[in-house]
Amino acid sequence: MDEEDPLSWNIEPYENFLNSHFFYRAVHKFLWKNWPRTDKIYSNFFSLDQAINGLSVDWSKYATTEFTVNSRPVPKLYVNGIVKINVGKIKIVIEEKILPISIKHDPIKEPPLNRAHTLLEGISKINKAKLKLKLSKIAQWAPNMMPIKEQV
Amino acid sequence: MNNKKEIDARDLEIYKEEKPLSSKIDDIAHPLLIKYYPVKGHRNIDINLVGLYPKNIDELRFSQYLYEISPSSGTGEIKEFIVEGFFFKEKLTELDKKLREYSEGIVGLGDNWDGKGTKAITIESWNDATALLREILYDLWYNGFNVSIPLVLPNTDGNFDINWETEEFELIITLPSKRNELVHIYGERSGRSEYELEVRINFELAKGVIAEWMKKIL
């Protein structure tokens, strides 16, 4: 979605994450298809990604919800929904709960390119249960990105 | 005890439910259930079978109880007795139903089920999670705590979350896919920060910690 040379992408500092910004995260159907309410946000939407030692999200400064869903192997709402988390609310959770979380811009400069890629770092074995619960409270389905259950 | 119920021994029928969950899931720790069909007009003899705990009762033991009772009944007049603390069959049925729904199409998924590197959701880790959940619920229900059935949620890293979200409290238990790793527990009672629970603990100790915390806050 960006015409610039990816090698010119800088890692942006924390202060560039404005309170009005959002993070987007795709949530696969196996994480929601069996639960009683599809409109609800559950804690398991925020389990750690194994390979990158952090919670992977897309930053709204460089991404749209469409970009995030289209980055999935199956970009369909019956397979992936997109949740959004307000950056200002994350900062409040970090401050009020004294969680050692940091927001780190982490653009991916190799295919598949993703200038929006950001990590919530500091999620550890000690605090991950608490953090998942807190994130589930402040996240919402992005507009028009709530998943659709397949009719059996 | 809160769960006292009068039944007719003649009408007891002990059985094990056949595979209460999907065929992929074993029924470890699944209790025997008791069917009964009350017959009116018979004299009641109160015999307390105190301390029957679902996880400990088995068909042999229960047959022994019946054997012991029957000779004293002479001609068979004495048929009734009281069982305490063993009547949450409806809850057990509901638990089986919900676990079956939660697991359907998810338990048994291999690695990379989302095409982005997720970990397998194994039958073994499901069995661990649901065995712990059953132990917690049996303890609470047996002791008269009317706790709802939580969600059992898979994670992208192969772990399971057991998640209660009620008006009174929230509790999340993250169970590792390997049993030798620690269970993560975080709980809050609504409006009472002094009851916050945040621990990492061995699987074998988790049930005790969770059940005691819930008894304390409820």
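Read-outs: derived from the displayed coordinates by stated rules, not from any lab. A quick note: this is a predicted structure, and the numbers were derived from the prediction, not measured. All Cβ positions, even for glycine, are placed from backbone atoms using ideal geometry, and neighbour counts span all protein chains on display.
Relative contact order of the range A:21-141, taken over Cα pairs closer than 8 Å and 6 or more residues apart, is 37 percent.
When only the Cβ of Lys, Arg, Asp and Glu is charged (+1, +1, -1, -1), the dipole of chain A relative to its Cα centre reaches about 1040 debye. Estimated at 0.36 nm per residue, the fully extended path between A:Lys91 and A:Thr38 surpasses their Cα-Cα distance by 16.4 nm. Here the 3J(HN,Hα) profile of the range B:160-168, calculated from phi with Karplus coefficients 6.51, -1.76 and 1.60 at θ = phi - 60°, is 10, 9, 9, 10, 9, 9, 10, 5, 8 Hz, Gly and Pro shown as x. Along the charge dipole of the range A:21-141, pointing to its positive end and built from +1/-1 on Cβ of Lys, Arg, Asp and Glu, which listed residue (A:Pro100, A:Ser136, A:Ile85) has its Cα farthest out? Toward the positive end, the furthest listed residue is A:Ser136.
Rank the residues B:Ile106, B:Ile123, B:Ile210 as a footprinting-exposure proxy: fewest other Cβ atoms within 10 Å of their Cβ go first. Intermediate results must be reported in sequence, preceding the final value.
Working: B:Ile106 18, B:Ile123 15, B:Ile210 26.
Least crowded to most crowded, the residues run B:Ile123, B:Ile106, B:Ile210.
How about the range A:25-85: which trypsin sites (Lys or Arg not before Pro) there lie in a loop by DSSP and see at most 15 other Cβ atoms within 10 Å? Can you show the working numbers first?
On the way: sites: A:Arg25, A:Lys29, A:Lys33, A:Arg37, A:Lys40, A:Lys61, A:Lys76, A:Lys84; in loops: A:Lys33, A:Arg37, A:Lys40, A:Lys61, A:Lys76.
Those satisfying the criteria are A:Arg37, A:Lys40, A:Lys76.
Amide H to amide H distances under 5 Å link B:Thr122 with B:Gly108, where only residues 5 or more positions off or on other chains count and H is placed in the peptide plane. Taking only the C-alpha atoms of chain A, the Rg (one decimal) and the largest Cα-Cα distance, Dmax (whole number), read 15.2, 48 Å. Extension gain, B:Glu104-B:Asn146: 0.36 nm per intervening residue step, less the Cα-Cα distance, totals 12.5 nm. Once backbone amide H atoms are built at 1.01 Å from N, B:Phe169 has B:Ser190 as its partners under 5 Å, excluding neighbours fewer than 5 places away on the same chain. In this structure, the amide hydrogen of B:Gly117, modeled 1.01 Å from its nitrogen in the peptide plane, lies closer than 5 angstrom to those of B:Asn112, counting only residues at least 5 positions away or on a different chain. Working note: Karplus 6.51/-1.76/1.60 with θ = phi - 60° gives the range A:68-79 the couplings 5, 5, 6, 7, 7, x, 10, x, 10, 6, 7, 10 Hz, where Gly and Pro are set to x. Using a Förster radius of 45 Å, what is the FRET efficiency between A:Glu110 and A:Leu18 based on their Cβ-Cβ separation? Nearest 0.05, please. FRET efficiency, A:Glu110 to A:Leu18: 0.95.
What is the extension gain from B:Ala120 to B:Asn180, computed as 0.36 nm multiplied by their sequence separation minus the C-alpha to C-alpha distance, in nm to one decimal?
Details: separation 60, 0.36 × 60 = 21.60 nm, distance 1.74 nm.
The B:Ala120-B:Asn180 span can extend by a further 19.9 nm.
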